[in-house]
Each structure stands twice: as C-alpha cells, then as structure tokens.
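Enquirer: Sharing a structure below in structure tokens format, with a few things to ask.
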Amino acid sequence: ALFFRLAYQQGWLNLIPLSLTVLGYWVLIIGGGTQAAITILLPLSLQIVHGLSPLWVGLANLVISIAWTIATFLVSGWSGARERFALNSGVALMLVSLLLLLPTAQGERLPLLFLAVFIFGWGIGSHNVHLGARTMGAALKGEEAITAASQSMVRSLGGAVGTAAAGIVANLAGLGEQITIKTVNGATLAIYLAAIVPLALGVFFILRFTRLVVPRPA
C-alpha cells in the first residue's frame, strides 16, 4: 500500500510513455509468462521433492483455478476505488505469492505452497477481468474487435515465452543433467528467483495502467 501511494504521489508511473493498450498487453504477457514459469516445474516438485502422487499435482492446479474463479466473480462488478484496488492488488498478490513460494523450493512447508498458489490464482482473477475490459475500452477506433480477439493470444504468447524461459533457467540450474531432488530443488528456486523481476515490472505497468483508466478523484 505504501509503494502504491508513493508511486502515485511522486509521479514514478509517468516515466514510461506507453499507450493503454500496450500497457494492458504487457501485463497480460507477464502474467501468462509468470504463471507458466511457476507451474511448469510444479509436477516435478510435488512428486520428486515432496514425494506426493500425481493427484496432488491436479489438486494444486485446481486450487489456482478455484481462487481465480472466486476472485473473478467477486470483483467483476466493482468500479471506482474498488476497481482500482482490484487492478493494483491483483498483480501485487501474484508477486507476494512468488515470494511465499521461495521457501517451498527445498521440499518443505507444503501448506505454504498451497497457500501461495491460492494467492497466485486469486491475484490473476482479481485483476484479469478489469484488465481485459479496460484494454478493450482503450482500443483505437475501428480496432476494438482486433484488440478483444487478440487478448487471449497475447496471454498465450506470454505463456509460451514463460515456458521457454523457465526451461532455459532450469537447464542452466542443472536440471538437464539428471532429475534428482537436488536438481529439481535448484531449478525450482532458480525459476522463482528469475520470475521476480518481470513480475515486479508487471506491478509497475499495472500501476501506470490503473492511473490512466481509473484516475483518483481530484
């Protein structure tokens, strides 16, 4: 909350002159890429490191989907200050979730892992619906249909980039040599750490986006 307030007061959000549509697309790409990067090694981590059955992998993905759905339904009718909060807090919650996942990379604190993925899904759901609507609303005249249709493609593009980047990071961390508890631990931790930077940038972009589409009252 303090960061949000300082960003608004100091004018940090005006440093990058990007259009609303571009800002929205960047948030979609970063969100999709981060989600892909985090979940790509989740099956290996749960099965190899935590010693759980594949059923738990499905449960983790279910937790993300449930949180995403609940948050979407909860915030879909929000406007004004509440919409601004939903947009800003959504990406911030994804970053918080990523930080919570760091201690779980060593195969401990399983409840914390499921709490983190729940928060991650909630963060996506709380900002995604307003981000999509506002991005479409910011489209240039005559490009509304293209903007609307391209959003899912842009998010999928982010997922593809995130998957490829996570694979590179995992291989550099030693996962390509052999799959053991040690290598999965190292690769998971490396991916979590690498994802912090783009997600922090996503927080900056969504703050800038929100400032433009849902300005504070004078």
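Enquirer: Can you tell me how many residues within the range 175-211 are closer than 28 Å to ALA138 by Cβ and of a type outside the set (Val, Ile, Thr)?
Expert: 12
Enquirer: When the range 26-61 is examined, which residues are found to be open to solvent by 30 Å² or more (accessible area, probe 1.4 Å) and under 18 Å from LEU98 (Cα atoms)?
Expert: The answer is ILE29, GLN35, THR39, ILE40, PRO43, LEU44, ASN61.
Enquirer: Please determine whether any residue of the range 137-152 is modelled with pLDDT of 95 or more and in contact with a helix residue (DSSP H, G or I) (Cβ under 8 Å, 6 or more places away or on another chain).
Expert: No; the residues of the range 137-152 include none that is modelled with pLDDT of 95 or more and in contact with a helix residue (DSSP H, G or I) (Cβ under 8 Å, 6 or more places away or on another chain).
Enquirer: Here is a further query. Looking at ALA190, ALA195, ALA200, which one is among the aliphatic types (A, V, I, L, M) and over 30 Å from ARG82 (Cβ atoms)?
Expert: None of the other options fit; the residue is ALA190.
Enquirer: Just for the range 176-218: of the residues that are touching a helix residue (DSSP H, G or I) at 6+ places or on another chain (Cβ under 8 Å) and without any contact (Cβ under 8 Å) to a residue 24 or more places away in the chain, which one is most open to solvent (accessible area, probe 1.4 Å)?
Expert: Among those that are touching a helix residue (DSSP H, G or I) at 6+ places or on another chain (Cβ under 8 Å) and without any contact (Cβ under 8 Å) to a residue 24 or more places away in the chain, it is GLU177.
Enquirer: Then there is this: Within the range 107-117, identify whether any single residue is under 25 Å from ARG211 (Cβ atoms), in contact with a helix residue (DSSP H, G or I) (Cβ under 9 Å, 6 or more places away or on another chain) and buried (at least 20 other Cβ atoms within 10 Å of the Cβ), and answer yes or no.
Expert: No, there is no match, as no residue in the range 107-117 is under 25 Å from ARG211 (Cβ atoms), in contact with a helix residue (DSSP H, G or I) (Cβ under 9 Å, 6 or more places away or on another chain) and buried (at least 20 other Cβ atoms within 10 Å of the Cβ).
The values are calculated or read from the model by the stated rules, or taken from the named source; none is laboratory data. Here the structure is a predicted model, which is why all the values come from computation and not from measurement. Here the Cβ is made from the backbone with ideal geometry for all residues, glycine too, and neighbour counts use every protein chain on show. Accessible surface areas use protein heavy atoms only, side chains included; no ligands, DNA or RNA. Shrake-Rupley method; radii C 1.70, N 1.55, O 1.52, S 1.80 Å.
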